[in-house]
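K.L.:
Before I ask anything, let me first share the structure, which is written out below as structure tokens.
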């Protein structure tokens, strides 16, 4: 019998963001006492001599820090967009992502990924 890596913590909601060679997973999980938290996982596909493997880095974000995290992330991204790179049209990246998603969907590459 395979052990549950999350020690019985149920996954409630999940979103995947593909970003070039990386994929980010935003997962809402619940503890046994129905307390909720967020995990953010970065997955990078790497090559070894015997094949590919996925290198993962994970952050745990607890409910008491949600608002502070969102404010800091939004402020940091806004600073980069408005102060450091105001000449960049960031909407071009969203358009590119939408085009890639259409190609993946048509080719059958948009299968659901999971850590299980």
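K.L.:
What ranking of 14, 43, 91 emerges when the number of other C-beta atoms within 10 Å of each C-beta is taken as an exposure proxy, fewest first?
P.N.:
In order of increasing Cβ crowding within 10 Å: 91, 14, 43.
K.L.:
Would you list 28, 70 from fewest to most Cβ contacts within 10 Å?
P.N.:
Ascending number of Cβ neighbours within 10 Å: 70, 28.
K.L.:
In addition: Tell me the Rg and the Dmax, in Å, that the Cα atoms of the stretch 10-107 produce.
P.N.:
16.9, 48
K.L.:
Pairs of alpha-carbon atoms within less than 8 angstrom and 6+ residues apart define the contacts here; what relative contact order does the stretch 10-73 have, in percent?
P.N.:
Relative contact order, the stretch 10-73: 23 percent.
K.L.:
Give me 65, 27 sorted ascending by neighbouring Cβ count inside 10 Å, so fewest comes first.
P.N.:
65, 27
No value in this document is a laboratory result; all are computed from the given coordinates. Given the structure is predicted, the values throughout are model-derived calculations rather than measurements. Note that we place each Cβ from the backbone using ideal geometry, even for glycine, and neighbour counts take in every protein chain shown.
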